Amino acid sequence: MTIDELRVHAVTRSLFSPTSLPQALEAFGFVQADPIRAPARAQDLTLRHRVTNYRAGDLERRYSRLHVHEDFFINYGFVTDRVFHLMHPRRRGHAPWSVARGKHVKSLLEFIRARGPVHPRQVDDHFSLGTVTNFWGGSSSATTHLLDAMHYRGLLRVVRRESGVRVYGVHEQAVRLKPDTTIDARERRARLDALVDLVINIYAPLPAASLSQTVRRLRYAVPQWSNALSGALQRAKRRLAHARVDGVDWYWPAGEQPGVAEPDDSARLLAPFDPVVWDRRRFELLWNWPYRFEAYTPVPKRRWGYYALPLLWRDRVIGWANASVAGGALTLDIGYVAGQPPRDRRFRQALADERNRLCAFLGVSAGTP
């Protein structure tokens, strides 16, 4: 086994032939979301490479007709029905509601059940719960904070978005679920193993350190079983395929054979959270340069740009691009790790094709080369 074979496998297994949106979602089980549009949201930038004729916003437009949920997995994003039911109920693993908060929860459920899907503003106007200190130290509506907590615990679901704001409805099926104390040890183990396998399926091949770190992030998916994740990791290591390459242990699903598939000549601009590039440790091992997501980095300290999209050609990430749309036209500001683009004419054609695909996805003209 060589690092070249692992790199090709990382690219070819993730960038499968484009299919329908439901099938792509089922193939992954989870797609990470991000609200920044530069030039489109991360979930759309990820899906456009895997879904035939995908257009920016298709997931949001079709959300209510798909069997998916906005929820936390290892990050916030979209999970399929199957994954949702592996993770829930999440009634344990949290501090219990206080008596007063429990009354608010009951009242909110009754209010939303009676009115149907509600915007947080409607709930705030009715209950006026005040403000709380948010994660960043600022103030947030206490109503929004409580709605988020109820959503995380599975009592509410996101029905749709209005101008990017979650509109909530009661998750009747989840509300009726029995507490997780009724899930016996055998089923808990089976669910954890299935969730770990899902992580591997999305992000493999993974170096050992990244595998451990990613499995630990399942504490967001199943806080009620966070103390069982170490055991799940050890079981996974025993059943996964494994090789030591250049002093690093790598893991991937059993039955797969790295080095068999060949990458095509396509160029692709990937989302910062695309499974191909999501793990920064793996990125440096495979491509030997330290890509970083810098949207929240102070401008003077940025090296790659506000929302740099890794530029993949064949099985190599050779640079990055910052994309912007103005006046209905696309502009790409491209940088290269080598300081200049490959001289191969096939790359020039591949990049032109990717620009055209990105324009079609965004519904804009080609703009500045």
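Taking the criterion of being of a type in the set (A, V, I, L, M) and free of Cβ contacts under 8 Å to residues at least 24 places away in the same chain, the only residue of region 1-32 that qualifies is 27. With respect to the conditions (1) in a helix (DSSP H, G or I); (2) under 25 Å from residue 78 (Cβ atoms), residue 221 lacks only one, and its number is (1).
Close Cβ contacts (under 6 Å, 6 or more residues apart or on different chains) running from residues in region 50-65 that are of a type in the set (S, T, N, Q) to residues that are open to solvent by less than 90 Å² (accessible area, probe 1.4 Å) and assigned to a loop (DSSP other than H, G, I, E, B) comprise 52/18.
Which ones in region 96-112 are part of a helix (DSSP H, G or I) and either of a type in the set (Val, Ile, Thr) or within 30 Å of residue 196 (Cβ to Cβ) (or both)? Break it down into steps so the answer makes sense when it comes.
The initial filter retains those residues of region 96-112 that are part of a helix (DSSP H, G or I), namely 99-112.
Selection gives 99, 105, 112.
Scanning region 293-309 for residues that are surrounded by 15 or more Cβ atoms within 10 Å (Cβ to Cβ) and within 18 Å of the chain's Cα centre (by Cα) returns 293, 294, 307, 308, 309.
Residue 279 meets the conditions (1) over 23 Å from the mean Cα position of the chain (by Cα); (2) at pLDDT 95 or above; (3) surrounded by 13 or more Cβ atoms within 10 Å (Cβ to Cβ) in every case but one. The failed one is (1). A search for C-beta distances below 9 Å between a residue of region 110-125 that is more than 14 Å from residue 146 (Cα to Cα) and any residue that is loosely packed, with under 12 Cβ neighbours inside 10 Å, counting only pairs 6+ apart in sequence or on different chains, returns 113/172.
Taking every residue in region 284-304 that is closer than 26 Å to residue 9 by Cα and pairing it with any residue that is acidic (Asp, Glu) and assigned to a helix (DSSP H, G or I), at least 6 positions away or on another chain, the pairs with Cβ-Cβ distances below 9 Å are 290/284; 291/284. Number of residues in region 310-365 that are open to solvent by 40 Å² or more (accessible area, probe 1.4 Å), aliphatic (A, V, I, L, M) and not in a helix (DSSP H, G or I): the value is 5. I'd like the full set of residues that are assigned to a helix (DSSP H, G or I) and open to solvent by less than 90 Å² (accessible area, probe 1.4 Å), limited to region 235-251. Residues satisfying the conditions are 235, 236, 237, 239.
With the requirement that a residue be within 12 Å of residue 271 (Cβ to Cβ) and either polar (S, T, N, Q) or not in a strand (DSSP E or B) (or both), what does region 300-309 give you? Can you show your working first?
Here is the first cut: in region 300-309, the ones within 12 Å of residue 271 (Cβ to Cβ) are 307-309.
Scanning region 300-309 gives 307, 308.
Among helices (runs of 4 or more DSSP H) lying entirely in region 1-95, which contain 1 or more residues that are touching a helix residue (DSSP H, G or I) at 6+ places or on another chain (Cβ under 9 Å) and open to solvent by 60 Å² or more (accessible area, probe 1.4 Å)? It would help to see each step written out before you state the result.
Details: elements: 3-14, 21-28, 42-47, 58-62, 81-87.
Result: 21-28, 58-62, 81-87.
The residues of region 354-369 that are modelled with pLDDT of 95 or more and touching a strand residue (DSSP E or B) at 6+ places or on another chain (Cβ under 7 Å), listed by number, are 354, 355, 356, 358, 359, 362.
For residue 286, the conditions (1) in contact with a Ser or Thr (Cβ under 8 Å, 6 or more places away or on another chain); (2) of a type outside the set (S, T, N, Q); (3) closer than 30 Å to residue 235 by Cα are fulfilled apart from (1).
Among the residues of region 319-351, those that are within 23 Å of the chain's Cα centre (by Cα) and within 21 Å of residue 278 (Cβ to Cβ) comprise 319, 320, 321, 322, 323. All but one of (1) over 21 Å from residue 170 (Cβ atoms); (2) touching a residue at least 12 places away in the same chain (Cβ under 8 Å); (3) charged (D, E, K, R) hold for residue 101, so report the exception by its number. Of the numbered conditions (1) over 21 Å from residue 170 (Cβ atoms); (2) touching a residue at least 12 places away in the same chain (Cβ under 8 Å); (3) charged (D, E, K, R), the odd one out for residue 101 is (1). Of all residue pairs spaced 6 or more apart or on separate chains, none has beta-carbon atoms under 7 Å together with a first member in region 329-345 that is under 13 Å from residue 267 (Cα atoms) and at pLDDT 95 or above and a second member that is of a type in the set (A, V, I, L, M, F, W, C) and surrounded by fewer than 16 Cβ atoms within 10 Å (Cβ to Cβ).
Among the numbered conditions (1) within 17 Å of residue 30 (Cα to Cα); (2) free of Cβ contacts under 8 Å to residues at least 24 places away in the same chain; (3) not basic (Lys, Arg), the only one that residue 204 does not meet is (2).
The values are calculated or read from the model by the stated rules, or taken from the named source; none is laboratory data. Owing to the predicted nature of the structure, the values given are computational and were not obtained by experimental measurement. Glycine also receives a Cβ, built like all others from the backbone with ideal geometry; neighbour counts cover every protein chain displayed. Heavy atoms of the whole protein, side chains included, go into the accessibility calculation; ligands, DNA and RNA do not. Shrake-Rupley method; radii C 1.70, N 1.55, O 1.52, S 1.80 Å.
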